[in-house]
Amino acid sequence: QKEVEQDPGPLSVPEGAIVSLNCTYSNSAFQYFMWYRQYSRKGPELLMYTYSSGNKEDGRFTAQVDKSSKYISLFIRDSQPSDSATYLCAMSWSNTGKLIFGQGTTLQVKP
Amino acid sequence: EPEVTQTPSHQVTQMGQEVILRCVPISNHLYFYWYRQILGQKVEFLVSFYNNEISEKSEIFDDQFSVERPDGSNFTLKIRSTKLEDSAMYFCASSLQGNQPQHFGDGTRLSIL
């Protein structure tokens, strides 16, 4: 079983749709959960950072962590063509900061 | 907004040659990292660095790899004798503390011929 699993997509939605992106994981020791956005030929850009379980909202983005199900989600409301990118989930348990990444989901928002 | 900068953006090197990838982390950050991403694959952790020493490294980070903070601003990754399979995007990241969010540079694309 892979440590972090993420459907690579691609996921195509019309502009204005609500997008749901998900990751599952196997290591119950993970404590820190992140979502990054990566545009082509660019580095990962931090979107959301969550410690332990719960929800976090920032503008059009909501991150959810369900540690009992080992499942994390990122919701994007009112999606825009500029949201078209690859979305990476990442997790850590270590104070040294080692991140374990998912495969990334490619999202396309069509005008 | 402060950012992590990496140079060069693209490096082409003959197999067997040494290569040094350079990074300038965010100035008040204390933890530094290197990751790599082979085309079509996941971003993989290589090494973390704190207080002038390696704090954790992956299986990938063998004796051919080394990291250094030669001065107060730069953080480098050296590959001593490059192999074809070292071709990848290499990302540098930094964070304020080890369990704080990591901020990434835009990477160096390393092509080994």
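The values are calculated or read from the model by the stated rules, or taken from the named source; none is laboratory data. All values reported here derive from a predicted model rather than from experimental measurement. FYI the Cβ positions are ideal-geometry reconstructions off the backbone, even for glycines, and counts take in every protein chain you see.
Residues of the stretch A:91-102 that are touching a residue at least 60 places away in the same chain (Cβ under 8 Å) and closer than 13 Å to B:F45 by Cα: A:M91, A:S92, A:L99, A:I100, A:F101, A:G102. Exactly one residue among B:S66, B:S87 is of a type in the set (G, A, S), in contact with a Leu (Cβ under 9 Å, 6 or more places away or on another chain), more than 10 Å from chain A (Cβ to nearest Cβ) and without any contact (Cβ under 8 Å) to a residue 24 or more places away in the chain, and that residue is B:S66. Among the residues making up the stretch B:4-33, a single one is surrounded by 13 or more Cβ atoms within 10 Å (Cβ to Cβ), closer than 20 Å to B:Y50 by Cβ and away from every other protein chain (no Cβ under 14 Å): B:R22. Would you check if B:G98 is free of Cβ contacts under 8 Å to residues at least 12 places away in the same chain and over 13 Å from the mean Cα position of the chain (by Cα)? So B:G98 fails the test. Of the residues B:T82, B:T76, which single one is away from every other protein chain (no Cβ under 13 Å), over 17 Å from A:M34 (Cβ atoms), among the β-branched types (V, I, T) and over 11 Å from the mean Cα position of the chain (by Cα)? One residue alone meets the criteria, B:T82. None of A:S79, A:S94, A:S73 is more than 12 Å from chain B (Cβ to nearest Cβ), touching a strand residue (DSSP E or B) at 6+ places or on another chain (Cβ under 8 Å) and outside any strand (DSSP E or B) except A:S79. What pairs come out if I take residues in the stretch A:24-37 that are assigned to a loop (DSSP other than H, G, I, E, B) and pair them with residues that are among the acidic types (D, E) and modelled with pLDDT under 95 whose C-beta lies under 6 Å away, six or more apart or interchain? Partner pairs satisfying both residue conditions: A:S26/A:E3; A:N27/A:E3. In the stretch B:29-45, how many are more than 16 Å from B:K83 (Cα to Cα) and not in a loop (DSSP other than H, G, I, E, B)? Of the residues in the stretch B:29-45, 8 are more than 16 Å from B:K83 (Cα to Cα) and not in a loop (DSSP other than H, G, I, E, B). Within the stretch A:46-60, the set of residues being away from every other protein chain (no Cβ under 14 Å) and on the phi < 0 side of the Ramachandran plot comprises A:S53, A:N55, A:E57, A:R60. The residues of the stretch A:24-59 that are loosely packed, with under 12 Cβ neighbours inside 10 Å and acidic (D, E) amount to a single one, A:D58. When residues in the stretch B:59-95 are screened for being farther than 16 Å from A:L99 by Cβ and either among the β-branched types (V, I, T) or assigned to a strand (DSSP E or B) (or both), 11 of them pass. Of the residues A:S82, A:S73, A:S94, the single one that is under 20 Å from A:D7 (Cβ atoms), surrounded by fewer than 20 Cβ atoms within 10 Å (Cβ to Cβ) and of a type outside the set (A, V, I, L, M, F, W, C) is A:S73. State whether the residues of the stretch B:21-40 include one that is touching a strand residue (DSSP E or B) at 6+ places or on another chain (Cβ under 9 Å) and farther than 27 Å from B:E1 by Cβ. Checked the stretch B:21-40: at least one residue is touching a strand residue (DSSP E or B) at 6+ places or on another chain (Cβ under 9 Å) and farther than 27 Å from B:E1 by Cβ. Inspect the stretch B:90-100 for any residue being surrounded by 13 or more Cβ atoms within 10 Å (Cβ to Cβ), touching a Cys at 6+ places or on another chain (Cβ under 7 Å) and either modelled with pLDDT of 95 or more or within 13 Å of another protein chain (Cβ to nearest Cβ) (or both) and give the result as yes or no. Within the stretch B:90-100, one or more residues are surrounded by 13 or more Cβ atoms within 10 Å (Cβ to Cβ), touching a Cys at 6+ places or on another chain (Cβ under 7 Å) and either modelled with pLDDT of 95 or more or within 13 Å of another protein chain (Cβ to nearest Cβ) (or both).
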